[in-house]
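A.B. asks: Structure incoming, see below.
Derivation of every value follows stated rules applied to the coordinates shown; laboratory data play no part. What you are looking at is a predicted structure, and each value in this text was computed from that prediction instead of being measured. Methodologically, a virtual Cβ is constructed for each residue, glycine included, from the backbone with ideal geometry; neighbour enumeration extends over all protein chains shown.
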Amino acid sequence: MPDLWQEAMDHAVAIARKAGEIVRDAVQNDMKIMCKSSSVDLVTKTDQKVEQLIIDSVKEKFPTHSFIGEESVAAGQPCVLTDNPTWIIDPVDGTTNFVHGYPFVAISIGFAVNKELEFGVVYSCIEDKMYTARKGKGAFCNGEPLQVSDQKEINQSIIATEFGSNRDPEVVNKIFSSMRKILCLPVHGMRGVGTAATNMCMVASGCVEAYYEIGIHCWDVAAGAVIVSEAGGVLMDVEGGPLDLMSRRVVAANNKTIAERIIKEIESFPAVRDDAP
Ligand code: IPD
């Protein structure tokens, strides 16, 4: 049977590589930093330029496809996932890292059809690591197969999370409280590289057992979700049950035992859904 979406995936890899070159060049140069929802929710001209480049090139090749892009949504485009083939794009995941020259920045491209994720491409462009996964065909980094860790003991695990960009003191208390509880289980350590997509690739690579966060967006995790599940991992909601891409909550783990153990410790807080009217 022909693989309908292979051409789209090959295009995603090529355009992510090109976008990565632009991002790498821009890290060396002065950049104009702007704020979105708050003074810690940053965007640069590079985010906007890279998203436009990706959308223009996909539109030329696949004119009937739809898009959900971080910067397009920030500019007022709807964030609604339909059954139409849809590219879910974060042009610069880790914008804060990018602005500070902290060397983890990714281009994240997920692709869904009938609301099901078909492939994910995460290009960690400073490290030059191209993570790819196609539903049913495995996950890879620079062509090498990925496999999650087989650890089942939480006290032998590393857990990744992020602080996100919500600085409401009550939310920050909950974030710290969840981290404190997980740290004291105890776990071997807690990490976070400053990009949701790359954190998920760390789970897929087997060097951290789980990553969780509340407040991410669908474009931060769509591609990573395919990469984690194709590497043998699981995706869940922070209160249990399956991942809901639009809910702004994610647990990505090597297995259900680890996922459910950290879910017990996570104090959730409200986040407005990506697809809220
Ligand atoms: C952010 C990064 C960060 C996570 C935030 C995301 P952006 O994405 O993934 O690690 O903590 O929740 O919004 O804004 O750099 O594309």
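A.B. asks: Collect the residues in the stretch 189-238 that are in a strand (DSSP E or B), surrounded by 20 or more Cβ atoms within 10 Å (Cβ to Cβ) and within 14 Å of the ligand (Cβ to nearest atom), keeping them in residue-number order.
C.D. replies: Result: TYR211, TYR212, GLU213, ILE214.
A.B. asks: Please verify whether THR86 is within 21 Å of VAL208 (Cβ to Cβ) and under 19 Å from the mean Cα position of the chain (by Cα), treating the condition exactly as stated. Spell out how you get there, then give the answer.
C.D. replies: Values: within 21 Å of VAL208 (Cβ to Cβ): no; under 19 Å from the mean Cα position of the chain (by Cα): yes.
No; evaluated as a whole, the condition is false for this residue.
A.B. asks: When the stretch 75-110 is examined, which residues are found to be under 12 Å from GLY194 (Cα atoms) and among the aromatic types (Phe, Trp, Tyr)?
C.D. replies: If the condition is that a residue be under 12 Å from GLY194 (Cα atoms) and among the aromatic types (Phe, Trp, Tyr), then PHE98, TYR102, PHE104 are the ones that fit.
A.B. asks: Can I ask one more? When the residues of the stretch 142-188 are narrowed to those that are loosely packed, with under 12 Cβ neighbours inside 10 Å and at positive phi, which ends up nearest to the ligand (Cβ to nearest atom)?
C.D. replies: Filtering first and then ranking leaves ASN142.
A.B. asks: Got a sec? Which strands (runs of 3 or more DSSP E) wholly within the stretch 40-120 have at least 3 residues that are within 15 Å of the ligand (Cβ to nearest atom)?
C.D. replies: It comes to 42-44, 86-93, 106-113.
A.B. asks: Inside the stretch 127-142, can you point out the residues that are more than 10 Å from VAL226 (Cα to Cα) and part of a loop (DSSP other than H, G, I, E, B)?
C.D. replies: Selection gives GLU127, ASP128, LYS137, ASN142.
A.B. asks: Which numbered condition in (1) closer than 18 Å to GLY194 by Cβ; (2) not in a strand (DSSP E or B) is the only one that LYS152 fails?
C.D. replies: (1)
A.B. asks: Regarding the stretch 20-37, can at least one residue be identified that is touching a residue at least 24 places away in the same chain (Cβ under 8 Å), among the polar types (S, T, N, Q) and either crowded, with 16+ Cβ neighbours inside 10 Å or part of a loop (DSSP other than H, G, I, E, B) (or both)?
C.D. replies: yes
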